[in-house]
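> Let me give you the structure first, and then I'll get to my questions.
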Amino acid sequence: MKLTAAEYQDIRKAIASLPADVSNDAIGNHAPKLEELYAPETHAAALDPEAPIVLGVRGTGKSFWAGVLGKEELREAAATAYPKLGLNHLNVQFGFTGLDSLNGIGREKLDACVPANAGIDEARFFWWATILYGLAQAEGKQPTKLSKLLPAARDLEEREAILDRHEKALHARSRTLLIVYDALDTMAISWPRRQLLTQALLEVVWSMRAYRAIRLKLFLRPDQLEDDALRFVELPKLRTGAVRLTWPGTDLYGLLFARLALSDASVSFGRLLESLGLRMGSRTEILARHWSLGHDVSDQKRLMTALTGPYMADGAHGYKKGNTYDWPLAHLGDAFNEVTPRSFLGLAIAAATYGAAPPDRVLTPDGIRHGLRAASKTRVDQLHQEFPWIKGVLAPLAGLLLPQEEKEVFTVWRKTRTLPNAIADAQKEDYLPPFPESGSNDERSLYMALERIGVMLRRKDGRLDMPDLFRVAAKLLKKGATAPL
């Protein structure tokens with residue numbers, strides 16, 4: 001069986017029409033929807049109520065899973081995918097969402113309770129108040145001001161009495177209350193305050209180990225937990241027990257193929273699968289991971305070859321450019337070799353809109369290379385939302401050939417006054433500078449800030465390098481690699 005050009009174009013249009021912005025909030029208009037739910041096996045630990053800390057860089061799905069936990073309909077669907085986690089026995093409330101609303105807690109509410117000059121005790125009392133807030137919400141009480149809960153949060157005996165009463169009631173009903181904290185990188189705009197609030201929250205998380213029916217779950221950026229300024233004797237244990245959200249290549253391809261199977265092009269896509277001797281999956285089979293294209297590398301490679309051809313170039317020596325299955329994964333990783341679904345789907349979407357549609361396949365190698373450029377630009381734009389200084393420190397490096405000796409990189413930054421400009425802009429615009437002020441504010445500290453978030457890396461020979469995911473958009477050069485836009 002051979003597909004017609006129209007059927008290939010049908011699949012191409014379906015890829016091109018996938019949502020380009022797959023970012024989510026835990027609550028509100030951008031909360032996850034049922035049709036978006038895809039459940040990799042590797043993410044089971046992230047939803048496990050027994051895992052209090054989940055780490056993930058931007059775009060890995062922290063807010064998505066926080067939103068899934070917070071909505072009963074999605075939690076029930078996720079229970080199908082992860083039947084051993086007991087998600088059907090959970091009540092879920094939010095302790096921080098980054099968004100101030102009737103049911104959300106963001107920085108404005110936090111600042112109203114924790115003065116700018118507050119110490120660690122006041123910060124801890126605030127987080128205890130969020131737990132009391134969650135308990136009250138779970139009882140169906142009308143939302144109250146967090147500030148009204150602070151007296152009970154400060155009073156150890158009263159606080160423990162409330163917690164014990166709820167613990168016993170939940171235990172009697174075989175229920176668990178999970179209080180979820182998301183978007184914690186938004187809770188402060190200065191390093192000292194972010195460190196104070198983070199440490200206080202981690203101390204409360206550690207204290208809550210005394211309760212079995214009331215659990216906390218934090219979705220955090222890795223650099224926030226690994227901050228060297230945190231001083232907490234039990235911190236190493238929390239770091240060791242933290243779960244990291246990652247997306248192996250099989251899960252990324254599984255996500256793409258699942259989107260196609262459930263798209264308007266499902267008939268054409270099904271005929272393509274039939275021509276390869278592969279089976280179509282239903283929504284339930286996909287969610288329960290009973291579909292081979294969600295996890296079988298061999299089947300995924302056969303399908304990718306049918307969609308794009310086998311190699312990144314035509315001709316007898318085309319294999320030297322790499323195969324079309326591995327190439328996107330190899331070029332979309334950050335310095336930790338982590339690829340996010342946002343980047344992966346972004347590459348596929350851009351590839352499906354590049355050039356004329358081929359008659360005998362869906363995507364072309366040139367389209368995939370174009371997709372990398374588009375994904376790179378999107379990734380840097382999105383990183384800029386989280387680290388507003390990022391574009392200002394990458395821009396002076398444009399045109400530099402990588403890998404490069406560190407003195408050359410630091411000289412560029414020094415000549416363009418990149419570091420003082422970044423610090424001054426952070427003060428002017430009220431956002432976190434690249435690193436806390438200390439006695440060694442220099443270009444090396446700036447590089448370390450980029451290394452911590454996976455934007456740059458040091459090679460074994462000591463030279464500095466940058467993953468293609470950022471290099472292409474930042475317009476740095478590398479011999480034999482994809483050229484910038």
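> Given the structure, is Leu132 aliphatic (A, V, I, L, M), within 29 Å of Ala161 (Cβ to Cβ) and without any contact (Cβ under 8 Å) to a residue 60 or more places away in the chain?
Values: aliphatic (A, V, I, L, M): yes; within 29 Å of Ala161 (Cβ to Cβ): yes; without any contact (Cβ under 8 Å) to a residue 60 or more places away in the chain: yes.
Criteria met by Leu132.
> Same structure, new question: Mind counting the residues in region 1-47 that are farther than 18 Å from Trp247 by Cβ and not in a helix (DSSP H, G or I)?
The total comes to 13.
> Do any helices (runs of 4 or more DSSP H) lying entirely in region 230-284 carry at least 3 residues that are outside the structural domain of Ala81 (by the TED database), and which ones are they? Explain how you work it out, then say what you get.
Working: elements: 235-241, 249-261, 266-275.
By residue number, 249-261, 266-275.
> With the condition kept exactly as written, say whether any residue in region 195-213 is basic (Lys, Arg) and buried (at least 16 other Cβ atoms within 10 Å of the Cβ). Even if it seems obvious, please write down each step before you answer.
At the first step, the residues of region 195-213 found to be basic (Lys, Arg) are 209, 212.
Now restrict to residues that are buried (at least 16 other Cβ atoms within 10 Å of the Cβ): none.
Checked against the condition, which is being basic (Lys, Arg) and buried (at least 16 other Cβ atoms within 10 Å of the Cβ), region 195-213 yields no hits at all.
> Suppose we filter Leu177, Leu170, Leu132 for residues that are open to solvent by less than 50 Å² (accessible area, probe 1.4 Å), modelled with pLDDT of 95 or more and not in a helix (DSSP H, G or I); which single one remains? Before the answer, list the steps.
Values: Leu170 fails: not in a helix (DSSP H, G or I); Leu132 fails: not in a helix (DSSP H, G or I).
Testing whether each residue is open to solvent by less than 50 Å² (accessible area, probe 1.4 Å), modelled with pLDDT of 95 or more and not in a helix (DSSP H, G or I) leaves just Leu177.
> OK, next. List the number of the failed condition for Asp100; all other conditions in (1) assigned to a loop (DSSP other than H, G, I, E, B); (2) of a type outside the set (Lys, Arg); (3) in contact (Cβ under 8 Å) with a residue 12 or more places away in the chain; (4) touching a helix residue (DSSP H, G or I) at 6+ places or on another chain (Cβ under 7 Å) hold.
(3)
The rows are residues; the columns are (1) surrounded by 22 or more Cβ atoms within 10 Å (Cβ to Cβ); (2) at pLDDT 95 or above; (3) of a type in the set (Lys, Arg).
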{"residue": "Glu50", "(1), (2), (3)": "no, no, no"}
{"residue": "Gly59", "(1), (2), (3)": "yes, no, no"}
{"residue": "Phe64", "(1), (2), (3)": "yes, no, no"}
{"residue": "Leu69", "(1), (2), (3)": "yes, yes, no"}
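> Mind checking which residues of region 258-284 are charged (D, E, K, R) and under 25 Å from the mean Cα position of the chain (by Cα)? Walk me through how you get there before you give the answer.
Filtering region 258-284 for residues charged (D, E, K, R) gives 259, 264, 271, 274, 279, 283.
Matches in region 258-284: Arg259, Arg283.
> Among the residues of region 396-436, how many are part of a loop (DSSP other than H, G, I, E, B), more than 27 Å from Pro484 (Cα to Cα) and touching a Pro at 6+ places or on another chain (Cβ under 9 Å)?
3
> Among the residues of region 359-412, write down those that are more than 24 Å from the chain's Cα centre (by Cα), among the hydroxyl-bearing types (Ser, Thr, Tyr) and in the same structural domain as Leu332 (by the TED database). Break it down into steps so the answer makes sense when it comes.
First pass over region 359-412, keeping only residues more than 24 Å from the chain's Cα centre (by Cα): 359-367, 395-412.
Filter once more, keeping what is among the hydroxyl-bearing types (Ser, Thr, Tyr): 364, 411.
Matches in region 359-412: Thr364 only.
> Does any residue of region 79-97 turn out to be in contact with a Lys or Arg (Cβ under 8 Å, 6 or more places away or on another chain), part of a helix (DSSP H, G or I) and either open to solvent by less than 10 Å² (accessible area, probe 1.4 Å) or not assigned by the TED database to the domain that holds Leu220 (or both)?
Yes: region 79-97 contains one or more residues that are in contact with a Lys or Arg (Cβ under 8 Å, 6 or more places away or on another chain), part of a helix (DSSP H, G or I) and either open to solvent by less than 10 Å² (accessible area, probe 1.4 Å) or not assigned by the TED database to the domain that holds Leu220 (or both).
Residues are listed down the side, and each one gets a yes or a no for (1) in contact (Cβ under 8 Å) with a residue 24 or more places away in the chain; (2) under 15 Å from Gln404 (Cβ atoms):
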{"residue": "Phe435", "(1), (2)": "yes, no"}
{"residue": "Asn441", "(1), (2)": "no, no"}
{"residue": "Met448", "(1), (2)": "no, no"}
{"residue": "Pro467", "(1), (2)": "yes, yes"}
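> Quick one: in region 269-291, of everything that is surrounded by 16 or more Cβ atoms within 10 Å (Cβ to Cβ) and in contact with a Lys or Arg (Cβ under 8 Å, 6 or more places away or on another chain), which residue is nearest to Tyr354 (Cα to Cα)?
Leu273
> Among the residues of region 11-20, is any buried (at least 19 other Cβ atoms within 10 Å of the Cβ), hydrophobic (A, V, I, L, M, F, W, C) and farther than 16 Å from Leu345 by Cβ?
Looking through region 11-20, none of the residues is buried (at least 19 other Cβ atoms within 10 Å of the Cβ), hydrophobic (A, V, I, L, M, F, W, C) and farther than 16 Å from Leu345 by Cβ.
> Kindly provide the set of residues from region 312-369 that are open to solvent by less than 40 Å² (accessible area, probe 1.4 Å), assigned to a loop (DSSP other than H, G, I, E, B), in contact (Cβ under 8 Å) with a residue 12 or more places away in the chain and under 26 Å from Val57 (Cβ atoms), ordered by number.
The answer is Thr324, Tyr325, Leu332, Gly333, Asp334, Ala335, Glu338, Val339, Thr340, Ala352.
The values are calculated or read from the model by the stated rules, or taken from the named source; none is laboratory data. The structure displayed is predicted, hence computed values, not measured ones. As a convention, Cβ positions derive from the backbone with ideal geometry for all residues, glycine included, and neighbour counts pool all protein chains shown. Areas reflect the complete protein model, heavy atoms only, side chains present, ligands, DNA and RNA absent. Shrake-Rupley method; radii C 1.70, N 1.55, O 1.52, S 1.80 Å.
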